[in-house]
Structure formats: structure tokens, C-alpha cells
């Protein structure tokens with residue numbers, strides 16, 4: 001499954017060829033620090049929107065800048081490999097910036113997917129995708145399921161504060 005993990009340049013060439021063949025490219029991004037049922041359902045739903053699902057993964061440095069010095073719990077190479085093992089994921093690419101705008105601008109997917117904690121107005125890369133004739137889709141979150149919530153439960157159980 002590691003063959004699904006691509007560099008930005010390699011992925012850009014692959015996607016150009018797929019677009020020429022009429023394939024619809026779906027793009028999403030995230031930290032995916034502890035993969036959970038919410039992530040899996042989200043990615044499966046995103047994949048149903050097109051032919052190819054690209055998951056852009058925040059690098060360790062990028063996650064730390066967003067989530068703080070104690071994150072990520074899982075290193076980027078392992079997070080990428082776990083994502084690539086999912087049947088619904090076609091490609092994984094790691095990006096080091098705080099947000100995926102540069103990557104979206106270079107790949108220009110047909111559909112940009114974000115979770116329900118985002119709105120159309122706050123979705124980074126929306127203008128790039130819409131200008132190219134694509135669209136943004138917001139997929140609702142599963143309530144009560146989050147990486148932060150899982151971490152909290154682990155800490156509470158470990159300290160006996162169940």
C-alpha cells in the first residue's frame with residue numbers, strides 16, 4: 001500500500017494523466033493523528049463523490065503548529081501508511097505548510113471535501129477549485145467522535161478519572 005504515498009510532484013503528474021482520461025479527482029486533507037470511525041466514514045463518503053481520492057496529510061511539523069507541541073502522537077510516515085491501507089484512499093501526499101492552499105493550487109482537484117467543522121466560507125482552497133469549475137462539499141461530522149476526545153478518554157482512564 002505504500003505505493004499510494006506520493007510526493008507532490010509525482011502526484012501532480014499522475015493526476016494530470018488521470019484528468020486527461022476524464023477521471024474526477026476528489027481532495028481532502030487533515031492530520032489523521034489517531035484514525036477513528038469518523039475518519040473512515042468521512043473518507044469513504046468523500047471517495048463516493050468522484051473517481052480518485054487524494055488525502056493530503058499534515059506533516060508532523062504542520063500538526064505541531066496547529067495542535068501544539070504534544071501532537072502528533074503518531075509520526076507522519078505511520079499516519080500516511082495507515083491511510084494508504086484504506087481501500088477508499090487512492091493517493092496520500094504529505095504537506096509541510098500550515099494549510100493545503102499551495103498543494104490545492106498545484107493539484108486543482110474537481111472536488112474539495114472538508115468536514116462539518118468547516119463552512120464553505122472558511123474552506124481553504126475553495127476559490128482555486130471553484131475558479132477551475134469545481135466544487136466544495138462539506139461532510140457532516142459524526143457527533144462525539146474525535147481524536148481529541150479519544151486522547152481525553154485515555155488520559156481519564158489512565159489517571160482513574162473515568
*Across the stretch 20-71, what is the number of residues that are in contact (Cβ under 8 Å) with a residue 24 or more places away in the chain and part of a helix (DSSP H, G or I)?*
16
*Residues 18, 53, 35: which one is surrounded by fewer than 19 Cβ atoms within 10 Å (Cβ to Cβ) and closer than 21 Å to residue 115 by Cα?*
35
*Would you mind telling me which numbered condition in (1) out of contact with any helix residue (DSSP H, G or I) (no Cβ under 7 Å at 6 or more places or on another chain); (2) under 27 Å from residue 3 (Cα atoms); (3) in a loop (DSSP other than H, G, I, E, B); (4) modelled with pLDDT of 95 or more residue 89 fails?*
(1)
*Go over the candidates 129, 137 one by one and state the one that is surrounded by 10 or more Cβ atoms within 10 Å (Cβ to Cβ), in a strand (DSSP E or B) and touching a strand residue (DSSP E or B) at 6+ places or on another chain (Cβ under 9 Å).*
137
*Filter result (touching a strand residue (DSSP E or B) at 6+ places or on another chain (Cβ under 7 Å) and either farther than 22 Å from residue 13 by Cβ or not in a loop (DSSP other than H, G, I, E, B) (or both)) within the stretch 104-118*: 104, 107, 111, 112, 113, 114, 115, 116, 118
*Quick one: residue 7 ticks every box in (1) at pLDDT 95 or above; (2) surrounded by 15 or more Cβ atoms within 10 Å (Cβ to Cβ); (3) out of contact with any strand residue (DSSP E or B) (no Cβ under 6 Å at 6 or more places or on another chain) bar one, so which box is it?*
(2)
*Condition check for residue 76: surrounded by fewer than 16 Cβ atoms within 10 Å (Cβ to Cβ) and closer than 24 Å to residue 12 by Cα*: no
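What are the residues in the stretch 92-103 that are touching a helix residue (DSSP H, G or I) at 6+ places or on another chain (Cβ under 8 Å) and either under 16 Å from residue 39 (Cβ atoms) or in contact (Cβ under 8 Å) with a residue 60 or more places away in the chain (or both), if any?
Across the stretch 92-103, the qualifying residues are 92, 93, 94, 95, 103.
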*Go through (1) under 30 Å from residue 153 (Cβ atoms); (2) out of contact with any strand residue (DSSP E or B) (no Cβ under 7 Å at 6 or more places or on another chain) one by one and return the number of the condition residue 17 breaks.*
(1)
_Unmet criterion (only one of (1) surrounded by 15 or more Cβ atoms within 10 Å (Cβ to Cβ); (2) not in a helix (DSSP H, G or I)) for residue 97_ = (1)
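The values are calculated or read from the model by the stated rules, or taken from the named source; none is laboratory data. Since this is a predicted model, take the numbers as computed values, not measurements. Every residue, glycine among them, receives a Cβ derived from its backbone with ideal geometry; neighbour counts consider all protein chains shown.
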